[in-house]
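Chemist: Would you mind keeping the following structure in view while I ask a few things?
The values are calculated or read from the model by the stated rules, or taken from the named source; none is laboratory data. On a predicted model such as this, the values are computed, not experimentally measured, just so you know. Positions of Cβ are generated from backbone atoms using ideal geometry, with glycine treated the same way; all protein chains shown enter the neighbour counts.
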Amino acid sequence: MLRLPSPLRQLDDERLTVAGIRMFLKRDDLIHPDFPGNKWRKLKYNIEAAQRAGHTTLLTFGGAFSNHLLAAAGHHFPFKTVGIVRGEHRDPLNPVLAAAVRHGMLLEYVDRARYRRRSDKNFLASLSEKYGNPYLIPEGGANEQGVRGCAELVDEIGIPFDVLCCSVGTGATLAGVATRLSATQRAIGYAALKGDFLHRDVERLQKTPTTNWEIDTDHHFGGYAKRTETLDVFIDDFRDRHGITLNWVYEAKMMHGIFSGLSRFTPGTTLVVVIA
């Protein structure tokens, strides 16, 4: 059963007290064990669209550590599912891919050059022919339906707040939540990977572009699925303080960015931080 709305819990931390900041965690990671993080929000309207159109297969894309692939696996849906995975097949499978296979997903591995063509019409047409006209969900659920689902997160926040923080991979979450904020609120996305393309991706995903958001690109720790000893120490310390083990691919980088940059927030600011 889905746990919606996801819990909102205040974080007690002396570093926040000293800075005069209140922080609430929006625990989207507790929505459902098979839909890690906010992946259900991104899939919800995509699944409805696939059903309306009469598709029997879902096809989507992701890296080897993509929780999106696990969430999109067909265990809970009346679909066959196919995941196009960036990189080579490696045994044993990592926990994410192993779980996706257990949940019924067929994996096809493609090299990085072919993966970069995931928006190319000819490449998509070849996949469609091969897998029997599947419903295509882009990487991370980053399309109009995914953005629509992510926007609903803001509607669940029943407290006044000033800034909403989230991790950024494809930009869908940031694009969605920014469309629902009030005139006095803003959003900060913390990039989990290198590159300045994320700003363009967020703008592309918003039907009506907004200017109430920004992306912090200084805390990716080397790039997607990269980690350092500094990040690992932070994860361990956060777990010891709060009993929460942060996802090292995404949320740990965001939370490190927030705590190392508390001075950017005016005392009295209330943050809502999405743990997805």
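Chemist: If H219 satisfies every condition in (1) surrounded by 21 or more Cβ atoms within 10 Å (Cβ to Cβ); (2) modelled with pLDDT of 95 or more but one, which is the exception?
Modeler: That leaves (1) as the condition not met.
Chemist: Right, another one. Which residue is farthest from the chain's Cα centre (by Cα), if the candidates are limited to the stretch 97-112 and must be closer than 14 Å to F61 by Cβ and assigned to a helix (DSSP H, G or I)?
Modeler: R112
Chemist: On to the next question. Within the set of pairs 6 or more residues apart or between chains, which connect a residue that is assigned by TED's automatic domain parsing to the domain that holds H68 and over 22 Å from A113 (Cα atoms) inside the stretch 83-100 to a residue that is among the hydroxyl-bearing types (S, T, Y) and surrounded by 19 or more Cβ atoms within 10 Å (Cβ to Cβ) with Cβ atoms less than 9 Å apart?
Modeler: Correct list of pairs: V96/S66; A100/S66; A100/T81.
Chemist: Ok, one more. Quick check: is even one residue across the stretch 235-254 under 17 Å from L25 (Cα atoms), surrounded by fewer than 19 Cβ atoms within 10 Å (Cβ to Cβ) and among the small types (G, A, S)?
Modeler: yes
Results for (1) at pLDDT below 95; (2) of a type in the set (A, V, I, L, M, F, W, C), shown as yes or no for each residue.
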residue: G37; (1), (2): yes, no
residue: H55; (1), (2): no, no
residue: V96; (1), (2): yes, yes
residue: G104; (1), (2): yes, no
residue: S128; (1), (2): no, no
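Chemist: Further question: Having 1 or more residues that are among the aromatic types (F, W, Y), closer than 26 Å to Q10 by Cβ and touching a helix residue (DSSP H, G or I) at 6+ places or on another chain (Cβ under 7 Å) is the bar; report the strands (runs of 3 or more DSSP E) wholly within the stretch 174-276 that clear it.
Modeler: The strands (runs of 3 or more DSSP E) meeting that bar are 186-191, 213-216.
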